[in-house]
1. Please order 13, 171 by the number of other Cβ within 10 Å, starting at the fewest.
2. Taking a quarter of the surface of the Cα convex hull of the stretch 119-166, what do you get in nm²?
3. Does anything in the stretch 91-110 have its amide N under 20 Å from the 7 Å Cα→Cβ label point of residue 55, and if so which residues?
4. Counting other beta carbons within 10 Å of each residue's own, what order do 342, 162 fall into, fewest first?
5. Using the per-residue mean of other Cβ atoms lying within 10 Å as a proxy for protection, in what order, highest first, do the peptides 17-27, 305-315 fall?
6. Give the Rg (one decimal place) followed by the Dmax (whole number) of the chain, computed from C-alpha coordinates and expressed in Å.
7. Using the per-residue mean of other Cβ atoms lying within 10 Å as a proxy for protection, in what order, highest first, do the peptides 345-351, 126-132, 461-467 fall?
8. Distance between the C-alpha centers of the stretch 381-458 and the stretch 246-323? Whole Å please.
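Coordinate-derived values only; no laboratory data. These numbers come from a predicted model, not from an experiment. Cβ sites come from the backbone with ideal geometry, for glycine too, and all protein chains shown count toward neighbours.
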């Protein structure tokens, strides 16, 4: 008998139930953190455990050590801003509630979207302690495909793709104008739009706070994540971002050759890909990391070209831009300028885990990333620990460009194909259980095949590639 436990985030439980029914498993349980949604929910057990843990002032439990609790808090964009006593009780309570669900379901597989908050982080840790493979399902960088990953590592098959398939995908995604399906288009970036965006989300936050009390679920991360008291949230004064961009950027870029220009393709912040893909906790201080890289590279004679993510408009605090602009030869380009256009003019790209890092590698640029799923050996400059920042300028000189661009592209695309399968990930959008999108059932079928092929009864990817003790510090989720 094969079973799976699926953790569904807000408004995806019906879609996941339909996907689960088509996995070909004997039993599938859809778990949520909201009362009345899914097959089971953790809500009441969580709050009972939270009250007990808070009253007892517990710092650890039989499920999580104090170091693991600290690591969970450091990675969660909500918990890191709360009082330590409260956040610790929340983590321990989540462990209690999730462990009870794992014990009740006794699954062979645990599945979710990519880890995005401490709920999934704790579930993944407890699954690992039980020897259960945790699969994160998301859209592939390859069009019309899905991929499986775990904490930023691509879950790949040993079976190599056909050479003709590799060549076809190279022609498809190595185009300088290629943009993955999950990257949205451009819009107008004005002072008025910033204020409207911030105003809307302030009203939304107030509604969520009231609604959380009505639902007796005030600690739900979906509601807490919206609150403006979190330290990373923008303030009204950040509207001045529209005055910080430099419209004479083109002239300033002309003062440096391409190989001495470094594109800082800023990504969403806070970003789950950074929080849960990077092992070294020091690198989670993402803005500090960017400032340190800018300091070292400008000192080494590089020009830093800062391009903010289009979806970050209305959400970015201007403090980061202030710190970057304090260095000589830093240029902040307008939001309207496309990242692809800048990649064509910058010999180096720095993006912790974002799409521009992949595109830079495919275009033959030097691409500096953290441990992203697309980073193939020797084709990217990978930052694994804070100490790597100290030698980055030297490493860029040593690394240089590819001996053969086509060979690099083939290595990257081969890696992506080994970790991808044809299916419509976005079939969850607007999903109606009364008239289900056929693409969701097809995704379930192909996902089930993939899980069986890569799970313990197949290639056993987790057992071979994520053995116990792989973390770099006490409390690491890779231990």
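1. On the way: 13 23, 171 10.
Neighbour counts put them in this order, fewest first: 171, 13.
2. On the way: hull surface 17.6 nm².
About 4.4 nm², averaged over all directions.
3. Flagged as within label range: 91-98.
4. On the way: 342 21, 162 10.
Ranking 342, 162 by Cβ neighbours within 10 Å, fewest first, gives 162, 342.
5. Details: 17-27: 18.8, 305-315: 20.5.
Ranking the peptides 17-27, 305-315 by packing returns 305-315, 17-27.
6. Looking at the chain, its Cα Rg and Dmax stand at 22.5, 66 Å.
7. Numbers: 345-351: 24.3, 126-132: 17.4, 461-467: 15.1.
Taking the mean over residues of other Cβ atoms within 10 Å, the ranking is 345-351, 126-132, 461-467.
8. 24 Å
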